[in-house]
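The values are calculated or read from the model by the stated rules, or taken from the named source; none is laboratory data. All values reported here derive from a predicted model rather than from experimental measurement. Cβ atoms come from the backbone with ideal geometry, glycine included; neighbour counts cover every protein chain shown.
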Amino acid sequence: MGPHPAVAAIRLAVRRVLHDLLTEHHRAPAAVPHAPAHSSPREHPPSSRLRSSREVSPPPPLVLVACSGGADSMALASALAFESPKLGIRAGGVTVDHGLQPGSDARAAEVVQRLRELGLDPVDSVAVTVGRTGGPEAAARDARYAALDTAAERHGAAAVLLGHTRDDQAETVLLGLARGSGIRSLSGMAAVSGAGGRYRRPFLELDRQTARKACMVQSLPVWDDPHNADPAYTRSRLRHEGLPALEKALGKGVVEALARTARLSRDDADALDSWARQAEASVRDAAGLLECAKLYALPPAVRRRVLRRAAIEAGAPAGSLFARHIEEIDRLITGWRGQGAINLPGKVVARRQGGRLVIRQG
């Protein structure tokens, strides 16, 4: 008799990601040992020279799971612990203590113990200080990813697995829609993201209930973060009030439809970004300045991407650069009436001068 369907689903999702990582790992160039410069052929028998000419297989990759102790990440950790030995992959874990609740350090220690009991090694607990930039949710997220990046680099991990589910994806799409930040916001979370594709999200096609069911049938203890039910947080209100209201008004299937929207939007956004990268070179003059007449000739979606890239390259923080900023720059191209400079985040200034668009630090 096979595993419970929920357990089978999470294991399959993780197995697919691990197979992808192994394929990437074996495509990476391997080191080839070289004989010392002063050695002679007689010092190395033919069999030794033959072995030295072959590529050396890279050591097995290490994959970490980011685990809070909640149902999603515990299900992910259990699937990683089950699948990784069969594929010859080393598996470890990281839990981040945000220090936002009393007893968070003890809870992090419990998560470390649970991960070790699953057979994961190495396992780290990382305490972080959460700032205030961008609000509590964004600040906690920034601190968490910084800690995960540091842990991955310290251990030389090939990837970090994250337990975001289809429900999380639907929430992310709705939050992007509320911000009105364009199609990229509607594309939600990528299955592969981060520097060098470090972050992998195996569960984006699985719902939250599947992960919770998998924990239950495996008798895995889980911790329900009270912040997830705190109406003070926007995502919590959306989860417990907004999405249920949408399903009541529109019927079941809203989460699946939003996740599908994310996939389609990501494909469109990627295509437009590629177009903008190719177009950018054609709208710059010999000095590298953007020519307004050539920008005007581009489709609006492409032009605004070129403008956004230019603003970020000039020093505007991507996370603080919103659609309204790009629209204001765009009016220097499409609605030129002699208006003054546009102030952007990061002390960046955009202005039109002699038919050129100049974006630089003010």
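Structure notes:
- Qualifying residue in region 188-211 (condition: modelled with pLDDT under 85, touching a Leu at 6+ places or on another chain (Cβ under 9 Å) and not aliphatic (A, V, I, L, M)): no
- Residue 321 vs. criteria within 26 Å of residue 176 (Cα to Cα) and assigned by TED's automatic domain parsing to the domain that holds residue 205: no
- For region 57-102, the set of residues classified as small (Gly, Ala, Ser) and more than 21 Å from residue 220 (Cα to Cα) consists of 57, 88, 99, listed by residue number.
- Unmet requirement for residue 168, which otherwise passes all of (1) without any contact (Cβ under 8 Å) to a residue 40 or more places away in the chain; (2) closer than 22 Å to residue 237 by Cα: (1)
- Residue, nearest to residue 112 (Cα to Cα), within region 186-227, restricted to residues that are touching a residue at least 12 places away in the same chain (Cβ under 8 Å) and hydroxyl-bearing (Ser, Thr, Tyr): 199
- Sub-9 Å Cβ pairs linking a first residue in region 235-252 that is more than 19 Å from residue 141 (Cβ to Cβ) to a second residue that is assigned to a helix (DSSP H, G or I) and of a type outside the set (A, V, I, L, M), at least 6 apart or interchain, are 240/228; 242/171; 243/167; 243/171, ordered by first then second residue.
- The single condition among (1) surrounded by 11 or more Cβ atoms within 10 Å (Cβ to Cβ); (2) within 28 Å of the chain's Cα centre (by Cα); (3) outside the structural domain of residue 193 (by TED's automatic domain parsing) that residue 278 does not meet is (1).
- Residue check, residue 264 touching a residue at least 40 places away in the same chain (Cβ under 8 Å) and either outside the structural domain of residue 189 (by TED's automatic domain parsing) or under 30 Å from residue 77 (Cα atoms) (or both): no
- Within region 269-328, the set of residues being without any contact (Cβ under 8 Å) to a residue 60 or more places away in the chain, more than 17 Å from residue 356 (Cα to Cα) and in a loop (DSSP other than H, G, I, E, B) comprises 299, 315, 316, 317, 321.
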